[in-house]
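In what follows, a single structure is set out as structure tokens and then discussed.
The values are calculated or read from the model by the stated rules, or taken from the named source; none is laboratory data. Computed from a predicted model, the values in this text were never measured in an experiment. Cβ placement follows ideal geometry from the backbone for every residue including glycine, while neighbour counts extend to all protein chains displayed. Side chains are part of the model used for accessible areas, which takes the heavy atoms of the whole protein and leaves out ligands, DNA and RNA. Shrake-Rupley method; radii C 1.70, N 1.55, O 1.52, S 1.80 Å.
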Amino acid sequence: DPSSSSLTQDSLVPELPGFYYDSEKNRYFRLLPGHNNYNPLTRESIQFKAMECKRLRLLEEEEKQKKKTTRAGLNSSVLLQKRQLGLLSSTNYCRLVHELKVNCMQRRKIEIHSPDSSVGGTDNFKIIVADVACERIFTVNDVEHGGCKYGIINLSGLGKESPTVEMYDNLYFTNRKVLKIFLFSLTHFSKLCLMGIAETPGCASLLPASLFSSTNPGDRPGMLCSFKISTAWSCAWCLNPQADNCFSTGLTRRVLVTNVVTGHRQTFGTNSDVLAQQFATQTPMLYNGCRSGEIFSIDVRQRNRKGQSWKAIRLFHDSAVTSIRLLEAEHYLVAADMAGKIKLWDLRTAKCVKQYKGHHNEYAVLPVHVNEEEGLLTAVGQDCYTRIWSLQDAHLLRTIPSPYPSSKDAIPSVVFSSRLGGSQGVPGLLMAVKQDLYQFSYN
């Protein structure tokens with residue numbers, strides 16, 4: 001991990017406080033305070049230089065196609081033989097094939113076209129999220145005057161030899177910074193909707209997907225509804241019919257559950273800020289991750305909310321929980337925190353059963369992505385590296401460097417699917433960083 005590399009370049013050379021040893025020049029240099037931009041040797045500049053050298057080396061290796069499988073003896077011919085001999089089930093065979101393909105993915109830059117000449121590629125991508133069928137991705141882009149705008153990208157052109165996509169801009173934008181977006185398939189509206197959470201003073205907006213449609217640009221409905229909610233950190237939509245038309249927002253020391261039709265609200269007081277949320281689909285349970293490191297669930301049907309007795313399952317991390325993801329059967333939950341730890345929890349026993357090592361985070365609210373069908377877990381670290389693990393045994397399969405130097409405003413946003421572009425789509429990873437969109441496709 002480049003972020004954890006020691007300032008001493010040679011482990012045999014003793015580290016002297018206040019000095020930096022340069023292995024190339026074979027001598028010590030004094031470390032200077034980092035407040036003066038003219039000082040050539042600071043702890044921060046040395047760390048950045050080491051990280052940048054490693055990033056460039058990894059990029060060069062990828063260009064030369066030096067990627068190999070991280071598991072000894074794993075190759076396509078061996079897998080096929082074991083499958084034919086009945087030594088591998090269909091599920092395990094598909095999972096291991098995905099592992100092989102992930103290690104062979106090659107980066108290609110995607111050309112972004114737009115029917116609207118006013119939509120340029122000058123605005124930085126902040127967030128990308130794919131719809132359920134992975135036919136489109138919704139985007140949030142920073143704009144020059146300080147706000148954010150929403151857009152949609154059609155992925156049907158990814159299968160071409162020179163991948164191109166169509167980006168449709170939306171007239172609706174916000175002058176606030178958008179923190180998170182979520183896509184939901186709403187039964188009553190029969191369409192996909194987008195929810196955005198903005199910084200203080202804050203609001204949650206429910207938008208119809210037709211707002212982004214390119215078929216009838218002259219007939220676009222407005223926003224479904226917008227709720228003014230201050231100090232919001234997270235949000236989630238409920239797909240369980242017992243709590244239909246409800247969404248939740250995680251606030252400072254409380255959880256707010258709102259019915260978008262009736263406007264009725266329920267408040268659950270907590271001891272900490274709620275940074276991550278997800279509803280279960282089989283039961284009307286809401287899972288929450290807090291700044292204190294606590295993860296707890298709420299049955300949103302209950303009315304008695306005195307004290308903390310309404311908390312059902314309770315799990316604990318040592319640092320602020322930034323992302324939670326329920327697995328399909330809803331017996332397991334993946335949680336990531338600000339200490340860089342990603343854990344798999346068994347909700348039936350309230351115990352951690354696996355830990356995915358290598359993720360880097362110190363203070364950012366970063367998501368994790370679970371692709372259970374492919375058996376993969378993906379996360380982008382604060383160091384701008386995208387890491388992919390085997391969901392089953394927590395083995396780190398691949399570390400992908402960013403095309404840009406590491407910085408706070410250049411953390412990539414990614415989408416992984418085996419059907420990018422729809423049911424006949426291509427498997428692989430989409431990465432949005434700065435103004436660019438990249439595809440890492442299977443060979």
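Once both labels are positioned 7 Å from their Cα atoms along Cα-to-Cβ, the gap between residue 396 and residue 261 label points is 4.9 nm. Near the amide H of residue 29, within less than 5 Å, lie the amide hydrogens of 20, 21, 22, all on another chain or at least 5 residues away, with H placed in the peptide plane.
For residue 383, the residues whose amide H sits under 5 Å from its own are 360, ignoring neighbours fewer than 5 places away on the same chain, with H placed 1.01 Å from N. Using a probe of 1.4 Å on the protein chains alone, the accessible area found for residue 391 is around 20 Å². One chain, two ends: residue 53 and residue 29. Fully extended at 0.36 nm per residue, the span grows by 6.7 nm beyond their Cα-Cα distance. Taking each of 126/149; 25/49; 64/408 in turn, the alpha-carbon distance tops 20 angstrom for 64/408. Full extension of the chain segment joining residue 331 with residue 113 gains 74.2 nm, where the gain is 0.36 nm per residue of separation less the Cα-Cα distance.
Quickly rank 263-271, 94-102, 22-30 as a protection proxy: mean count of other C-beta atoms within 10 Å, highest first.
94-102, 263-271, 22-30
Counting only the backbone N, which residues of region 252-271 are under 19 Å from the spot 7 Å out from the Cα of residue 231 toward its beta-carbon? Within reach of a label on residue 231, which here means backbone N under 19 Å from a point 7 Å along Cα→Cβ, region 252-271 contributes 252-258, 266-271.
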